[in-house]
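Structure first, commentary second.
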Amino acid sequence: MISTQRVYILLALCVLFWSGNFIIGRYVNEDIEAIELSFFRWLFTLVFLLPTLLYIDIKKTLSAIKNNFLILIILSFLGITLFNTIVYLALKTTTATNALLINSITPILILILSYFILKAKISKLQITGITLSTIGVIFLVLKGDFTNLLFIKFQDGDLWILVSSLTWAIYSVLLKFKPKELSHLELFVSLVFLGFILILPFYFYQGYTIDREITLIKEQWHIFLYVSIFPSILSFYFWHIGVDTISAAKTGQFAHLMPLFGSILAFIFLNERLDSYHIAGAVMIALGIYLSLFLKKKINE
């Protein structure tokens, strides 16, 4: 059994890799179509997962897929086929500021869905912590000036980001109903395989030529390499461990780290400056996570 402290570290890494995925999605939005980026992301992921077939019980996995086909199809469609394709589509027509602001509702959506679907209890400390973290995210995104809300212009992609947030929230909550007989690795391999199959009709419908796709792979292989290894294999695996170990609601709180990590990555790779509002927002996010995850445990002890 993985220790709770280790799970927190894995979830922080998970969100860090996803933050990089958002930056890349925005960076290549004019060079790679959303469905192409999603298709090659999971194609590369499947290739990298091939060696894992030597370490999983294939017969048991196939039996679990057959016996739990409906829930696995739903999970693979939401988490693999739909979520990231919608994110990449949204990043073509919305700003990073809007995307981060809207995406910050994901932990709240997970908490609400957990309450109604899983009948999970919500403590006052959790509500306080998530509220504080959300304010910290908004403060970070608005650069420390809430009057900037008056100047935000919502675009077509904003609705898609909202849909993607709801998609991921539903996926995270429904993970509770995953087949118990599958290990984390067996579940992930199953979801990627089924999700990739579901992507195929959307991809082939676009009618891309072989020459175009070969050229795309040659020019953007490093992009596909990153999105297949870090935000796909590692992040999905870490997120599943989190949901399974500390619950979907608590795991969802780590999504508030995305704009913070995004700011740091922008500082490192895009030469953007770090200001005082970054620090203030980070403090509120960290305090909110502490209240919702750690304080109650300390009080009980």
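Contact annotation: residue pairs with Cβ atoms under 7 Å, 6 or more positions apart or on different chains, pairing a residue in the stretch 73-93 that is in contact (Cβ under 8 Å) with a residue 60 or more places away in the chain and under 21 Å from Glu186 (Cα atoms) with a partner that is β-branched (Val, Ile, Thr) and in a helix (DSSP H, G or I), are Leu78/Thr167; Leu78/Ile170; Ile80/Val192; Thr81/Ile199; Leu82/Thr167; Phe83/Thr167. Candidates in the stretch 146-177 are the residues that are crowded, with 19+ Cβ neighbours inside 10 Å and either free of Cβ contacts under 8 Å to residues at least 12 places away in the same chain or among the hydroxyl-bearing types (Ser, Thr, Tyr) (or both); of these, the one that is nearest to Ile135 (Cα to Cα) is Ser165. For Trp239, the conditions (1) modelled with pLDDT under 95; (2) more than 17 Å from the chain's Cα centre (by Cα) all hold with the exception of (2). For the stretch 43-88, taking the residues that are within 15 Å of the chain's Cα centre (by Cα) and of a type in the set (A, V, I, L, M, F, W, C), the one that is nearest to Ser232 (Cα to Cα) is identified as Ile80. Sub-7 Å Cβ pairs linking a first residue in the stretch 39-66 that is closer than 14 Å to Lys180 by Cα to a second residue that is in a loop (DSSP other than H, G, I, E, B), at least 6 apart or interchain, are Lys60/Glu181; Thr61/Leu182; Ala64/Pro179; Ala64/Glu181; Ala64/Leu182, ordered by first then second residue.
Screening His184 with (1) modelled with pLDDT of 95 or more; (2) open to solvent by 40 Å² or more (accessible area, probe 1.4 Å) gives one miss only, at (1).
Has the stretch 63-72 got at least one residue that is touching a Gly at 6+ places or on another chain (Cβ under 8 Å) and open to solvent by 20 Å² or more (accessible area, probe 1.4 Å)? For the stretch 63-72, residues touching a Gly at 6+ places or on another chain (Cβ under 8 Å) and open to solvent by 20 Å² or more (accessible area, probe 1.4 Å): absent.
Within the stretch 92-120, being open to solvent by 30 Å² or more (accessible area, probe 1.4 Å), at pLDDT below 75 and out of contact with any Lys or Arg (no Cβ under 8 Å at 6 or more places or on another chain) holds for Thr95, Thr97, Leu100. With the requirement that a residue be closer than 21 Å to Thr81 by Cα, part of a helix (DSSP H, G or I) and either of a type in the set (Val, Ile, Thr) or touching a residue at least 60 places away in the same chain (Cβ under 8 Å) (or both), what does the stretch 201-219 give you? Matches in the stretch 201-219: Phe202, Tyr203, Glu213, Leu216, Ile217. The number of residues in the stretch 262-280 that are within 13 Å of Gly136 (Cβ to Cβ) and either crowded, with 17+ Cβ neighbours inside 10 Å or modelled with pLDDT under 75 (or both) comes to 4.
A Cβ distance below 8 Å, combined with a sequence gap of six or more or placement on separate chains, defines the contacts here; from the stretch 178-195, residues that are within 9 Å of Ile56 (Cα to Cα) and assigned to a helix (DSSP H, G or I) reach residues that are among the hydroxyl-bearing types (Ser, Thr, Tyr) and at pLDDT below 95 in the pairs Leu185/Thr52; Leu185/Tyr55; Leu185/Tyr237. Here Gln5 meets the list (1) touching a helix residue (DSSP H, G or I) at 6+ places or on another chain (Cβ under 7 Å); (2) part of a helix (DSSP H, G or I) almost entirely, failing just condition (1).
The values are calculated or read from the model by the stated rules, or taken from the named source; none is laboratory data. Bear in mind the structure is a predicted one, so any value in this text is a computation, not a measurement. Neighbour counts run over all protein chains shown; Cβ positions are idealised from the backbone, glycine included. With ligands, DNA and RNA removed, areas are computed over all heavy atoms of the protein, side chains included. Shrake-Rupley method; radii C 1.70, N 1.55, O 1.52, S 1.80 Å.
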